Every structure is written in structure tokens, then in C-alpha cells.
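The numbers here are math on the coordinates, done by the rules we state, and not lab data. Because the structure is a prediction, the values reported are computed rather than measured. We place every Cβ from the backbone using ideal geometry, glycine too, and count neighbours over all the protein chains shown.
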Amino acid sequence: MFCAGYLETRMDACSGDSGGPFVVHYRGAWFLTGVVSWGEKCATRGKYGVYTRLGNFLNWIRTTMEKPDQNRT
């Protein structure tokens, strides 16, 4: 898990955003680094959102993506 937000601006994930992406722009490319989990208050100065750190699950994601689709109809 990690926290992210702004001290002065009012930008944050809010109700209904859980499971959404946390992306970082680095050297001209966008990277998916986290997933919205929860937060104390929506877009309140000094309050941060809590995110699941995607890097902790890379092995599981790779293994799952390699499996054949079990839900084909």
C-alpha cells in the first residue's frame, strides 16, 4: 500500500473510484503503478488516498495472464 495526494490542491480519488488506476507520467510515458483502495475524505487538503502498490503483485499478474481464458463461450 502507499498514500498519495496533494497538500494544497483538492485532487483525489473518491467514492466509486475503488479499483481504478493510479498512473505516473515518467520520461514521456505513462505507467500503471497502483490501484485505488480507499481514502479518509474526498479531495480534502492534507488527506491522502490509499492505493495498492501494483509492483507487489507482478508475479501473480504475469502468471494469471499466461493462463488460457477459462471463461470463453
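Lone cysteines in the chain, going by a 4.7 Å Cβ-Cβ cut-off?
Cysteines lacking a close Cβ partner in the chain: C3.
In debye, nearest 20, what is the charge dipole magnitude of the stretch 2-66 about its Cα centre with +1 on Lys and Arg Cβ and -1 on Asp and Glu Cβ, if you could check?
Details: 7 positive and 5 negative charges, 29 e Å.
In debye, rounded to 20, the stretch 2-66 gives about 140.
The chain: D in µm²/s via Stokes-Einstein (Kirkwood Rh, Cα pairs, 37 °C, 0.692 mPa s)? Write down the numbers at each step before the final one.
Working: Rh = 13.9 Å.
After rounding, the answer is 236 µm²/s.
Taking a spot 7 Å from the Cα of N56 along the direction of its beta carbon, which residues of the stretch 14-34 have an amide N less than 19 Å from it?
So the set is 18-24, 32-34.
Quickly rank 46-53, 26-33, 8-15 as a protection proxy: mean count of other C-beta atoms within 10 Å, highest first.
Numbers: 46-53: 16.5, 26-33: 9.4, 8-15: 12.6.
Most protected by this proxy first, the peptides run 46-53, 8-15, 26-33.
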